[in-house]
1. Taking the stretch 13-33 only, how many residues are over 17 Å from residue 74 (Cα atoms), assigned to a helix (DSSP H, G or I) and out of contact with any helix residue (DSSP H, G or I) (no Cβ under 6 Å at 6 or more places or on another chain)?
2. Find all pairs meeting these conditions: Cβ atoms under 8 angstrom apart; at least six residues apart or on different chains; first residue within the stretch 294-315 and modelled with pLDDT of 80 or more; second residue surrounded by fewer than 16 Cβ atoms within 10 Å (Cβ to Cβ) and assigned to a helix (DSSP H, G or I).
3. Could you grab me the full set of residues in the stretch 132-148 that are part of a strand (DSSP E or B) and in contact with a helix residue (DSSP H, G or I) (Cβ under 8 Å, 6 or more places away or on another chain)?
4. What is the residue count in the stretch 250-281 for residues that are assigned to a loop (DSSP other than H, G, I, E, B) and modelled with pLDDT of 90 or more?
5. Within the stretch 188-199, can one find any residue that is in contact with a helix residue (DSSP H, G or I) (Cβ under 9 Å, 6 or more places away or on another chain), within 30 Å of residue 109 (Cα to Cα) and not in a loop (DSSP other than H, G, I, E, B)?
6. Residues in the stretch 34-41: is at least one in contact (Cβ under 8 Å) with a residue 24 or more places away in the chain, outside any helix (DSSP H, G or I), surrounded by 14 or more Cβ atoms within 10 Å (Cβ to Cβ) and not assigned by TED's automatic domain parsing to the domain that holds residue 134?
7. Looking at the stretch 210-237 only, could you name the residues that are on the phi < 0 side of the Ramachandran plot, assigned to a loop (DSSP other than H, G, I, E, B) and free of Cβ contacts under 8 Å to residues at least 60 places away in the same chain?
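The values are calculated or read from the model by the stated rules, or taken from the named source; none is laboratory data. Values in this document were obtained by computation on a predicted structure and should not be read as measured data. Note that we place each Cβ from the backbone using ideal geometry, even for glycine, and neighbour counts take in every protein chain shown.
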């Protein structure tokens, strides 16, 4: 296989080729890809042969019932998705600016940051640029970092979940995230003065899915206390589902204090006293390394860091 040169690639590679690669990687079926692209199946087949001939290797396996990407094809498909996300953002930015707006910034955030840090920063930025379009996505750190890597987001407020993230992204700390053990206000445990530590495993729990920082910290807390991790669990990342379950069933959850404090103050949830502190690593602003944020993203970052506790942003 000959090396791929940049200049020839610029001469023949088109965005339509990238759309084909991205669509086929997701559909893994020639007929479905043709339907999505609104072209004939022979046209898809011809375009794919052209791209593979010019690249010098096959992008997709030809199996009887599917066409999964080859190892090299997976890398090309990942690039195609990133390039198309860049183009999509370009179109959105230009359209918004042409209509008199102040641009677009896409921010992803873990749930704890939505309680105070992010809303306050958005309000501050909006006071200066009221027509700036700020899109907010809430999810777990791992999902947000994947979207940041694929250029679906401009910045995220989260924490690292994999060692490789430290080589891909820059991190500026915002705040620690203390956790609280909570139940609904009608839970039988609310009536007990001393928490029966050894019996917590016998109650049903609402927990984050495996692989999330909160789940890892919950499991570690059980191990450090010598408890058995509960077997009766509901796994979800949805705050609304979690809060509803806590208020309607005798369940327990470990959640960020910032998230549950309004519910505790309103009398809908009750915090259980623990003999040891529970906290996650600091969360912070994460951006792609080697890529300067847009002015709009930087304005939001500055507002977030300005409100961080003294000494946090410098870390």
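1. 3
2. Sorted first by the residue in the stretch 294-315, then by its partner, the pairs are 299/128; 303/120; 307/120.
3. As a first pass, look at the stretch 132-148 and keep what is part of a strand (DSSP E or B): 133-138.
Result: 133, 134, 136, 137, 138.
4. Initially, the stretch 250-281 is screened for residues assigned to a loop (DSSP other than H, G, I, E, B), giving 250-251, 266-268, 273-278.
Next, only the ones that are modelled with pLDDT of 90 or more stay: 250-251, 266-268.
Residues in the stretch 250-281 being assigned to a loop (DSSP other than H, G, I, E, B) and modelled with pLDDT of 90 or more: 5 in total.
5. no
6. If we filter the stretch 34-41 for residues that are in contact (Cβ under 8 Å) with a residue 24 or more places away in the chain, which is where we start, we get none.
Looking for residues that are in contact (Cβ under 8 Å) with a residue 24 or more places away in the chain, outside any helix (DSSP H, G or I), surrounded by 14 or more Cβ atoms within 10 Å (Cβ to Cβ) and not assigned by TED's automatic domain parsing to the domain that holds residue 134, one finds none in the stretch 34-41, hence no.
7. Just the residues of the stretch 210-237 that are on the phi < 0 side of the Ramachandran plot, to begin with: 210, 212-225, 227-237.
Then keep just the ones that are assigned to a loop (DSSP other than H, G, I, E, B); that gives 210, 212, 227-232, 236-237.
Correct list: 210, 227, 228, 229, 230, 231, 232, 236.
Per-residue answers, yes or no, for (1) modelled with pLDDT under 85; (2) more than 30 Å from residue 13 (Cβ to Cβ); (3) surrounded by 16 or more Cβ atoms within 10 Å (Cβ to Cβ):
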residue: 83; (1), (2), (3): no, no, yes
residue: 90; (1), (2), (3): no, no, no
residue: 99; (1), (2), (3): yes, yes, no
residue: 103; (1), (2), (3): yes, no, yes
residue: 107; (1), (2), (3): no, yes, yes
residue: 114; (1), (2), (3): yes, yes, yes
residue: 120; (1), (2), (3): no, yes, no
residue: 127; (1), (2), (3): no, yes, no
